[in-house]
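A.B. asks: Please see the structure below; I have some questions.
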Amino acid sequence: MAPYDARASLADAILRRPALKPDVAPVLPDQALSAVQALEGYTSQVFASIGKEGGTLAVGRPADLAAFSLDPLRVDPDAFAQARVLLTLIGGVPVVGRDLVTIAVDAVRSEMSA
């Protein structure tokens with residue numbers, strides 16, 4: 001699988017220019033997406049486009065997700081393009097941020113035993 005960075009792609013879709021290149025003129029700016037539209041385009045709408053359910057968090061569905069240091073719905077798209085990836089789960093298995101998962105699981109276990 002080829003690596004690609006959804007953070008920059010989300011920013012591009014909102015800004016209609018390459019992320020982190022404010023000197024580049026936007027291409028067809030009237031076709032810019034909102035932050036919500038761009039995020040949905042990478043999540044729930046991907047599955048809807050092929051007639052499948054997915055792209056949302058729900059019990060029983062595969063936990064494929066990424067958590068970032070910035071909220072893509074609230075920050076400047078150029079800032080989001082540089083956000084840190086805090087956690088990535090693929091099929092519920094942490095592939096980035098394993099230490100965060102360990103800390104969270106330990107905290108839950110501690111609460112349950114108290």
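The values are calculated or read from the model by the stated rules, or taken from the named source; none is laboratory data. These numbers were taken from a predicted model, which means no experiment stands behind them. We place every Cβ from the backbone using ideal geometry, glycine too, and count neighbours over all the protein chains shown. For accessibility, only protein heavy atoms count, side chains too; no ligands or nucleic acids. Shrake-Rupley method; radii C 1.70, N 1.55, O 1.52, S 1.80 Å.
A.B. asks: Taking the Cα centre as origin and putting +1 on Lys and Arg beta-carbons and -1 on Asp and Glu beta-carbons, what dipole magnitude results for the chain, to the nearest 20 debye?
C.D. replies: Its charge dipole is roughly 140 debye.
A.B. asks: Using the Karplus curve 6.51 cos²θ - 1.76 cosθ + 1.60 with θ = phi - 60°, what ³J(HN,Hα) values do you get for each residue of segment 35-49, in whole Hz, with x for Gly and Pro?
C.D. replies: Ordered by residue, 3J(HN,Hα) equals 4, 5, 4, 5, 5, 4, x, 9, 10, 4, 6, 4, 5, 4, 5 Hz.
A.B. asks: Please work out the average accessible area per residue across the chain, using the 1.4 Å probe convention, and give it in Å².
C.D. replies: Values: 8050 Å² over 114 residues.
Counting only protein heavy atoms, the per-residue value for the chain is 71 Å².
A.B. asks: While we're on this one: Taking H placed 1.01 Å from N in the peptide plane, check which residues at least 5 places from Val96 or on another chain put their amide H under 5 Å from its amide H.
C.D. replies: Here Thr88 satisfy the definition.
A.B. asks: Using only the alpha-carbon atoms, how far is helix 98-113 inclined from the longest principal axis of the chain? Give it as 0 to 90 degrees, nearest 10.
C.D. replies: Its long axis makes an angle of about 40 degrees.
A.B. asks: A further question follows. Rounded to the nearest percent, how much of the accessible area of the chain (1.4 Å probe, protein heavy atoms only) is carbon and sulfur? Don't jump to the answer; show the numbers that get you there.
C.D. replies: Values: 4870 of 8050 Å².
That share works out to 61 percent.
A.B. asks: Compute the helix-to-body angle for 6-15: its Cα long axis versus the longest principal axis of the chain, expressed 0 to 90° and rounded to tens.
C.D. replies: 40
A.B. asks: Please go through segment 1-103 and write out the chymotrypsin sites (Phe, Trp or Tyr not before Pro) that DSSP classes as loop and that have at most 10 other C-beta atoms within 10 Å.
C.D. replies: Sites meeting the loop and neighbour criteria: Tyr4.
A.B. asks: With n ≥ 4 as the cut-off for DSSP H runs, can you work out [θ] at 222 nm for the chain, using -39500 (n - 2.57) per run divided by the number of residues, rounded to the nearest 500?
C.D. replies: -11000 deg cm²/dmol
A.B. asks: Over the chain, what lengths in whole Å, largest first, do the semi-axes of the equivalent ellipsoid take, defined as the square roots of 5 times the eigenvalues of the alpha-carbon gyration tensor? Don't jump to the answer; show the numbers that get you there.
C.D. replies: Details: eigenvalues 190, 65, 28 Å².
Output for the chain: semi-axes of 31, 18, 12 Å.
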